[in-house]
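What follows is one structure encoded as structure tokens, with my remarks underneath.
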Amino acid sequence: MLLVRHGESAPAHPDRPFALRDGHGDPPLDPVGEQQADLLAERLQHEDISAIYVTSLQRTHQTAAPLAAKLGITPVEEPDLREVFLGDWEEGEFRRRAAMRDPIFEQIFVQERWDVIPGAEPQDDFDERTWRGFQHIVAAHADQRVVVVSHGGVIGQLLHRVTGSRRFAFSGTDNASISEVVAEPDRIILRRYNDVAHLLPLLANAVTSAS
């Protein structure tokens, strides 16, 4: 399973809350995220990929779209791998709280759990549903390679389960990064984490523009 974090999404604005889908903030990709999606497609287009999974949120659909077009694969939604529900901090409020270093924001990373946010999804519920989604995909694709475009919180939670690490040990994946998990009948291993080699052209352009 190639776990891909979605590309960079549109920024939050205090006067323009994100649209919601099923209670979750649902911003689209911004132009940088669209470029990341194109580079991801170039990186993976020659892989032997049997299926592409996305979540119910549009930024994962948009990230997967260039690769799906190259491979002729229709992505499948796996709602259980949508991002953690942030309660009162949806619609972009999470990003605003992060920017102001809200004390509750700081506690998220001290306690390594999302449900310190008022109204957020209980940590055990988040763990149960993401693992259920992961296991569903694994069971459907024995001996196959699949791409799953999901979210930073979800990828961090899954890799915590796979490795038995601290809960937030893998919570820092970059946008459009690739992490690789191999599921065998008797074990599940992490083979690759936060691979961004395909994004180097964007980083090079940023350096050139700044110089």
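Counting heavy atoms of the protein chains only and a 1.4 Å probe, report the per residue accessible area for the chain as a whole number of Å². Before the final figure, lay out each step's value.
Values: 10130 Å² over 211 residues.
Per residue, the chain has an accessible area of 48 Å².
Tally up the carbon and sulfur contribution to the accessible surface of the range 49-175 as a whole percent, 1.4 Å probe, everything protein left in place.
Values: 2680 of 5510 Å².
Answer for the range 49-175: carbon and sulfur cover 49 percent of the accessible area.
Can you list the residues, at least 5 places off or on another chain, whose amide H is less than 5 Å from the amide H of residue 9, using H built in the peptide plane?
Under 5 Å from the amide H of residue 9 lie the amide H atoms of 30, each far enough along the sequence or on another chain.
What is the dipole size for the chain, taken about its Cα centre, with +1 at each Lys and Arg Cβ and -1 at each Asp and Glu Cβ, in debye to the nearest 20? Don't skip to the answer; put the middle values down first.
Working: 21 positive and 33 negative charges, 85 e Å.
Magnitude of the dipole: close to 400 debye.
Considering amide H positions built from the backbone, and no H for Pro or chain starts, which residues 5 or more places from residue 85, or on another chain, come under 5 Å of its amide H?
121
For the ranges 23-29, 107-113, 79-85, 149-155, what's the packing order if you count other beta-carbon atoms within 10 Å of each residue, average per peptide, and put the highest first? List each step's numbers first, then the result.
Values: 23-29: 19.3, 107-113: 14.7, 79-85: 22.0, 149-155: 24.3.
For the peptides 23-29, 107-113, 79-85, 149-155, the packing ranking is 149-155, 79-85, 23-29, 107-113.
For a protection proxy built on the mean count of beta-carbon atoms within 10 angstrom, sort 157-169, 30-42 highest first, please. Please list the in-between numbers first.
Working: 157-169: 16.8, 30-42: 19.0.
Highest-to-lowest ranking by the protection proxy: 30-42, 157-169.
Can you work out ³J(HN,Hα) from phi for every residue in the range 54-68, in order, using Karplus 6.51 cos²θ - 1.76 cosθ + 1.60 and θ = phi - 60°, giving whole Hz and x for Gly and Pro?
Taking θ as phi minus 60°, the curve returns 10, 9, 7, 9, 5, 5, 6, 4, 5, 5, 6, 4, x, 5, 4 Hz for the range 54-68.
At 7 Å along the Cα-to-beta-carbon direction for both residue 20 and residue 100, put a label point, then send me their distance in nm to one decimal.
Inter-label distance under the simple model: 2.0 nm.
Cα centroids of the range 172-191 and the range 125-151: how far apart, whole angstrom?
11 Å
If each of residue 70 and residue 109 carries a label point 7 Å out from its Cα toward its Cβ, how far apart are those two points in nm?
If labels sit at residue 70 and residue 109, their model points lie 3.3 nm apart.
Compute the convex hull volume of the Cα atoms of the range 83-211, divide it by the residue count, and report the result per residue in Å³ as a whole number.
On the way: hull volume 17.6 nm³, N = 129.
Taking only Cα atoms, the range 83-211 has a hull volume of 136 Å³ per residue.
The values are calculated or read from the model by the stated rules, or taken from the named source; none is laboratory data. These numbers were taken from a predicted model, which means no experiment stands behind them. Glycine also receives a Cβ, built like all others from the backbone with ideal geometry; neighbour counts cover every protein chain displayed. Calculation scope for accessible area: heavy atoms of the full protein, side chains included, ligands and nucleic acids excluded. Shrake-Rupley method; radii C 1.70, N 1.55, O 1.52, S 1.80 Å.
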